[in-house]
Amino acid sequence: SMQESMQAFDRAIQLDSTYSDAYLGKANALNLLVTLKYATDETRDLREAEQLTLLAIKHRTDNAQAYAVLGNIY
């Protein structure tokens, strides 16, 4: 499930706070929950997804997928 995936990404972030793909994975899951209308608070989830995506970009500026997710959020 998406919730389990997000928990796994949280664990990965705890293990390595510079792991760009973990931030991106959680952001992507949050964005997907909003897109599929499963989010309980769309505004909060999109805001968190944006912040996570920006962290992914901060840790790896060449992460093309992060820019794509950020564009989708915007």
Top to bottom by accessible area (1.4 Å), largest first, where do Thr40, Thr53, Thr35 land? Thr40, Thr35, Thr53
Kindly write out, for the range 67-73 in residue order, the coupling ³J(HN,Hα) from the Karplus curve 6.51 cos²θ - 1.76 cosθ + 1.60 (θ = phi - 60°), rounded to whole Hz, with x marking Gly and Pro. 5, 5, 5, 4, x, 5, 5
Give the label of the value calculated from the structure for Cα Rg over 2.2 N^0.38 Å, choosing from (1) 1.00; (2) 1.05; (3) 1.12. (1)
Non-local amide H neighbours of Arg60 (under 5 Å, H modeled in plane, Pro and chain starts lacking H): which ones? none
For the range 35-74, what is the charge dipole size about the Cα centre, in debye to the nearest 20, if Lys and Arg each add +1 at the Cβ and Asp and Glu each add -1 at the Cβ? 80 debye
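Below 8 Å, C-alpha to C-alpha, sequence gap of six or more: please give me the relative contact order for the chain in percent.
29 percent
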Trypsin sites (Lys or Arg not before Pro), restricted to the range 1-49: which are DSSP loop and have at most 15 other Cβ atoms within 10 Å? Lys37
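Tell me the carbon and sulfur percent of the accessible area for the chain, rounded to whole percent, probe radius 1.4 Å.
Here it works out to 51 percent.
The values are calculated or read from the model by the stated rules, or taken from the named source; none is laboratory data. No experiment lies behind these values; they were computed from the predicted model shown. Glycine also receives a Cβ, built like all others from the backbone with ideal geometry; neighbour counts cover every protein chain displayed. Areas reflect the complete protein model, heavy atoms only, side chains present, ligands, DNA and RNA absent. Shrake-Rupley method; radii C 1.70, N 1.55, O 1.52, S 1.80 Å.
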